[in-house]
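J.: Would you mind keeping the following structure in view while I ask a few things?
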Amino acid sequence: MKIFWIIFCLIPISQKLIGQINTPDFTIFQGKNSINKEGKSYDFAINKNDEIKIVLSVEKEKDLASIVLIDKNSNETVWKKGKVSSVNETIRIPEESVYSLQLTGRGGKKDVSISITRISGKEKLYNPAWMQYNSISTENISYEVDTMIGYQDPVISYHDIRLFNKYMYQKVDVFDYNDQILGQGGIHNSQAKIKPLAINKANIPDSAIFKGYHYNVSSTIGGAKHWALADIGVSAASMVMSPAASFAAHGAMGLIGPQPGSEPIQYFMSNRESDLKVAQEIYSLYNSGREATNKAKDVIGDIAGHFSSSAEKNVKGTKVKEYNEGDMSFNEKGLVTNLSVTEALPPTAKYILFGNPDIGQAKNLKLNAYALYYKPTYNTLSAEEQYFQALIQKLSKTKIKYTKTIHLESIK
């Protein structure tokens, strides 16, 4: 009686197990996972006519970027959803293959609850595991290559080439002369001289390159006649009223001989040729006389002012023109006995002007200025050029091409 009861009790249990096996739904994956921009994938083998049920929900109902089901053998998309926070879909599988469910996130990580269930078609018991099979095929590839077996006869040509030889230099004179500038006390108008500094373009060699500009001045006491006052016993006003009055005051003008040694001379780097007349006036006793005359008129005007203010204005208002360096245009001046200048560019001034600041001493001047130009010279040579062309022959070659094929299959 006890044995019968045991068998009777086992009958419902076996019926329950058989009922479980006949259940058409099989869980492939169920759980939670964190999904970010890099995403995650779930790969499994599925039989033809099976269905895949995907149930998915994202925490706080945030969106995923995409959910895609791909056939890994054909790389074709079977099903796709974009920007979703929850999914409850059932997808029919068209072909037996290995499939990949790929989830891609947006922004930071998101916790996702995932359930992937297989709903069986014909075969209820089907292994979702899969394997990768690799196969290699070979193929003979024929091709031709160029092989050098020598050289053809050379192709010869001739070319003229220029080789640098040396630089040739040319001196172009601007001026070169000796002159004398007399003292201020003479009856003449030679207290100043001027020379242009411009280079005569007609003297410049063709294709020459400017190298430098040089000018040199040396001054000594003059050896020719020059004047000095015999005595200074009279007032300046009477001395310079006129040459005749000057001689009358002194009675005579005495000749003095040259003194040994060098004496300075005044020079200006001038921009106007008319500065010559101004310098001649500055370095003349007449200019000193004008100054004395104007001072005398101021004294007379002051005296006349005691009697009449209009008389004072009339006397003081009739001033004689006095010349000074403010009436000239120059950018450089100096008092020198020797001056030697070499410049990389021609002078900016147009003239060099000299004036004798001494009353009774003439100055001998030695002046020269020149520009220096240069140009390169070349030697012409004839050069032979030989060009050798390779002699080519084609050769046939064969190589084996290996092709690797990957196929994914379920485990049966």
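The values are calculated or read from the model by the stated rules, or taken from the named source; none is laboratory data. Treat the numbers as computed from the prediction; the structure is a model and nothing was measured. Neighbour counts run over all protein chains shown; Cβ positions are idealised from the backbone, glycine included. Ligands, DNA and RNA are excluded from the accessible area calculation, which covers all protein heavy atoms including side chains. Shrake-Rupley method; radii C 1.70, N 1.55, O 1.52, S 1.80 Å.
J.: Does any residue in segment 312-339 that is closer than 24 Å to Asn368 by Cβ come within less than 6 Å, Cβ to Cβ, of a residue that is modelled with pLDDT of 85 or more and among the aromatic types (Phe, Trp, Tyr) six or more places away or on a different chain, and which pairs are these?
T.: Sorted first by the residue in segment 312-339, then by its partner, the pairs are Phe330/Phe268; Lys333/Phe268; Gly334/Tyr267.
J.: I'd like the full set of residues that are modelled with pLDDT of 90 or more and open to solvent by 10 Å² or more (accessible area, probe 1.4 Å), limited to segment 356-376.
T.: Residues satisfying the conditions are Asn368, Tyr370, Leu372, Tyr373, Tyr374, Lys375, Pro376.
J.: Of these, Ala383, Ala369, which one is touching a strand residue (DSSP E or B) at 6+ places or on another chain (Cβ under 9 Å), assigned to a strand (DSSP E or B) and more than 30 Å from Ile282 (Cα to Cα)?
T.: Of the residues listed, the single one that is touching a strand residue (DSSP E or B) at 6+ places or on another chain (Cβ under 9 Å), assigned to a strand (DSSP E or B) and more than 30 Å from Ile282 (Cα to Cα) is Ala383.
J.: Residues of segment 385-400 being under 49 Å from the mean Cα position of the chain (by Cα) and open to solvent by 100 Å² or more (accessible area, probe 1.4 Å), which ones?
T.: Once the filter is applied, which keeps residues that are under 49 Å from the mean Cα position of the chain (by Cα) and open to solvent by 100 Å² or more (accessible area, probe 1.4 Å), segment 385-400 yields Tyr387, Phe388.
J.: Kindly state which strands (runs of 3 or more DSSP E) lie completely within segment 187-281 and contain at least 1 residues that are β-branched (Val, Ile, Thr) and modelled with pLDDT under 85.
T.: The strands (runs of 3 or more DSSP E) meeting that bar are 209-221.
J.: I'd like the full set of residues that are assigned to a strand (DSSP E or B) and open to solvent by less than 90 Å² (accessible area, probe 1.4 Å), limited to segment 401-412.
T.: Thr403, Thr405, His407, Leu408, Glu409, Ser410, listed by residue number.
J.: Here is a follow-up. Against the definition (open to solvent by 30 Å² or more (accessible area, probe 1.4 Å) and either touching an Asp or Glu at 6+ places or on another chain (Cβ under 6 Å) or modelled with pLDDT of 90 or more (or both)), how does Glu123 come out, yes or no?
T.: So Glu123 fails the test.
J.: Just to be sure, is Gln30 touching a residue at least 60 places away in the same chain (Cβ under 8 Å), part of a strand (DSSP E or B), of a type outside the set (Lys, Arg) and open to solvent by 80 Å² or more (accessible area, probe 1.4 Å)?
T.: Considered against the rule, which asks whether it is touching a residue at least 60 places away in the same chain (Cβ under 8 Å), part of a strand (DSSP E or B), of a type outside the set (Lys, Arg) and open to solvent by 80 Å² or more (accessible area, probe 1.4 Å), Gln30 comes out as yes.
J.: Before we move on, is Leu163 modelled with pLDDT of 90 or more and open to solvent by less than 50 Å² (accessible area, probe 1.4 Å)?
T.: no
J.: Given the options Tyr99, Tyr42, name the one that is surrounded by 13 or more Cβ atoms within 10 Å (Cβ to Cβ), assigned to a strand (DSSP E or B) and touching a residue at least 60 places away in the same chain (Cβ under 8 Å).
T.: Only one candidate passes the filter, namely Tyr42.
J.: A further question follows. Quick check: is even one residue across segment 187-203 touching a strand residue (DSSP E or B) at 6+ places or on another chain (Cβ under 7 Å) and open to solvent by 100 Å² or more (accessible area, probe 1.4 Å)?
T.: Scanning segment 187-203 turns up no residue that is touching a strand residue (DSSP E or B) at 6+ places or on another chain (Cβ under 7 Å) and open to solvent by 100 Å² or more (accessible area, probe 1.4 Å).
J.: I've got another one for you. Only one of Gln132, Gln170 is under 30 Å from Glu51 (Cα atoms) and open to solvent by 80 Å² or more (accessible area, probe 1.4 Å). Can you tell me which?
T.: Exactly one residue qualifies, and that residue is Gln132.
J.: Using beta carbons and a limit of 8 Å, which pairs, at least six apart or on different chains, have the first residue in segment 66-91 and without any contact (Cβ under 8 Å) to a residue 40 or more places away in the chain and the second one surrounded by 11 or more Cβ atoms within 10 Å (Cβ to Cβ) and of a type in the set (Phe, Trp, Tyr)?
T.: As it stands, the answer is Val68/Trp79; Leu69/Trp79; Leu69/Tyr99; Ile70/Tyr99; Asp71/Tyr99; Val78/Tyr99; Glu89/Trp79, since those pairs meet every condition given.
J.: Related question: Go through the residues of segment 313-329 one by one and say whether even a single one is open to solvent by 50 Å² or more (accessible area, probe 1.4 Å), over 27 Å from Val278 (Cβ atoms), modelled with pLDDT under 90 and within 55 Å of the chain's Cα centre (by Cα).
T.: No, segment 313-329 contains no residue that is open to solvent by 50 Å² or more (accessible area, probe 1.4 Å), over 27 Å from Val278 (Cβ atoms), modelled with pLDDT under 90 and within 55 Å of the chain's Cα centre (by Cα).
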